[in-house]
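Below is one structure, written out as structure tokens; comments come after it.
The values are calculated or read from the model by the stated rules, or taken from the named source; none is laboratory data. Source: prediction; values computed, not measured. For neighbour counting, all protein chains shown are included, and Cβ atoms are generated from backbone atoms with ideal geometry for every residue, glycine included.
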Amino acid sequence: MTANDIIDIAAATPRYNFHGHTQFCDGHAPMEDFVVAAIAAGLKHYGFTPHSPIPIASPCNMGEDSVDEYFAEIRRLREKYRDRISLYAGMEVDYLGGSWGSWGSSCSYIQSLPLDFRIGSVHFIPAGDGFVDVDGHFDSFKVKMSRYFDNDIESVVKSFYAQSIKMVEAGGFDIIGHFDKIGHNASHFRPGIESEDWYMAEADRLADCIIDNGCIVELNTKAYHQHNHRVFPSERLLKRIIRGGTKVIVNSDAHDPALIESGRQEGFELLELLNKS
Ligand SMILES: [Zn+2]
Ligand SMILES: [Zn+2]
């Protein structure tokens with residue numbers, strides 16, 4: 001499968017989803033439960049995206065030692081449900097870059113895996129001589145802001161977008177995951193931050209880099225119902241990339257089979273509105 005195949009599928013039907021987590025990382029159910037839920041929801045294409053192995057300790061990421069088992073399970077499920085749904089082996093690959101030999105989708109280990117597609121995402125940013133996960137729940141983000149970043153939210157936001165630009169330039173992935181996700185925790189930390197000029201300039205620089213590099217963007221609806229209709233990227237950034245000709249697909253990033261379609265209908269409606277405007 002290529003990035004163009006993903007674009008073709010998304011152009012042909014809304015009955016797909018290319019972002020979801022299972023027992024292989026921080027998802028809350030076995031892969032087969034997601035397949036059953038996807039079929040029940042009428043999906044025809046489902047892509048699994050466990051958080052990739054990474055060379056730092058992380059409770060959310062799969063270990064290298066379970067990668068073979070993951071591919072074996074995909075093969076088993078593909079065979080079992082072949083008449084009902086097309087299943088794809090993906091990964092949501094973390095980008096660390098820098099001192100980790102440009103760890104990310106473009107690194108030789110990830111490229112050597114027989115993946116159908118890759119989502120490139122930034123969840124970690126550099127801190128001291130290591131990395132800190134800034135993607136989690138706000139309560140833990142707040143603790144980390146004080147512990148590792150001296151409560152300097154501007155430097156954290158800038159670091160997130162700088163990492164994201166390096167990831168896009170390094171390439172090796174098909175879809176960029178939730179590309180302004182830092183805006184969510186940053187907004188909790190300092191309400192209104194996403195409307196500040198410097199913030200918008202940082203996010204716009206990444207959006208323009210995405211446009212120039214021709215990545216597929218996901219409209220990530222994971223937070224839609226939980227967080228006051230928030231989607232990633234924000235409506236403002238979506239408008240900018242659509243104007244720039246970027247292809248957008250709608251993914252739920254479900255960690256629970258019951259949420260497999262959560263926010264997707266609303267995501268399509270938003271896209272339709274923006275495409276008309
Ligand atoms: Zn993610
Ligand atoms: Zn995810």
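Go through region 141-176 and report how many residues are at positive phi and either surrounded by 21 or more Cβ atoms within 10 Å (Cβ to Cβ) or touching a Lys or Arg at 6+ places or on another chain (Cβ under 8 Å) (or both).
Of the residues in region 141-176, the ones at positive phi are 150-151, 171-172.
Now narrow it down to the ones that are either surrounded by 21 or more Cβ atoms within 10 Å (Cβ to Cβ) or touching a Lys or Arg at 6+ places or on another chain (Cβ under 8 Å) (or both): 172.
Of the residues in region 141-176, 1 are at positive phi and either surrounded by 21 or more Cβ atoms within 10 Å (Cβ to Cβ) or touching a Lys or Arg at 6+ places or on another chain (Cβ under 8 Å) (or both).
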Original post:
Has region 197-205 got at least one residue that is under 21 Å from Gly97 (Cβ atoms) and not basic (Lys, Arg)?
Top reply: yes
**OP:** Starting from residues that are touching a Lys or Arg at 6+ places or on another chain (Cβ under 6 Å) and among the β-branched types (Val, Ile, Thr), keep the ones in region 208-225 and report whichever is farthest from ligand 1 (Cβ to nearest atom).
**Re:** Ile216
Original post:
Does region 135-153 contain any residue that is closer than 30 Å to Arg15 by Cα, modelled with pLDDT of 95 or more and in a helix (DSSP H, G or I)?
Top reply: no
Original post:
If the Cβ limit is 6 Å and pairs must be 6+ apart or interchain, which residue in region 169-182 that is closer than 17 Å to Leu96 by Cβ pairs with which residue that is aromatic (Phe, Trp, Tyr) and more than 12 Å from ligand 2 (Cβ to nearest atom)?
Top reply: Ile182/Phe160
**OP:** Would you please list the contacts, defined by Cβ atoms under 7 Å and residues six or more apart or on different chains, that run from a residue in region 149-162 that is among the aromatic types (Phe, Trp, Tyr) to a residue that is crowded, with 19+ Cβ neighbours inside 10 Å?
**Re:** Phe149/Val156; Phe160/Val122; Phe160/Ile125; Phe160/Val134; Phe160/Ile182; Tyr161/Glu202; Tyr161/Ala203; Tyr161/Leu206
**OP:** Take region 219-251 and flag every residue that is touching a residue at least 24 places away in the same chain (Cβ under 8 Å), of a type outside the set (Gly, Ala, Ser) and part of a loop (DSSP other than H, G, I, E, B).
**Re:** Thr221, Lys222, Tyr224, His225, His227, His229, Arg230, Val231, Pro233, Thr246, Lys247
Subject >> Residues being touching a residue at least 40 places away in the same chain (Cβ under 8 Å) and in a helix (DSSP H, G or I) - total across region 254-277 >> reply: 8
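Could you identify the single residue in Phe34, Phe24 that is among the aromatic types (Phe, Trp, Tyr) and at pLDDT below 95? Give the steps one after another, and end with the answer.
Working: Phe34 fails: at pLDDT below 95.
Among Phe34, Phe24, only Phe24 is among the aromatic types (Phe, Trp, Tyr) and at pLDDT below 95.
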**OP:** Scan (1) in a loop (DSSP other than H, G, I, E, B); (2) touching an Asp or Glu at 6+ places or on another chain (Cβ under 9 Å); (3) more than 16 Å from ligand 1 (Cβ to nearest atom); (4) small (Gly, Ala, Ser) for the single condition Ser102 breaks and write down its number.
**Re:** (2)
Subject >> Total residues in region 4-38, condition β-branched (Val, Ile, Thr), over 23 Å from Gly120 (Cβ atoms) and either part of a loop (DSSP other than H, G, I, E, B) or within 16 Å of ligand 1 (Cβ to nearest atom) (or both) >> reply: 1
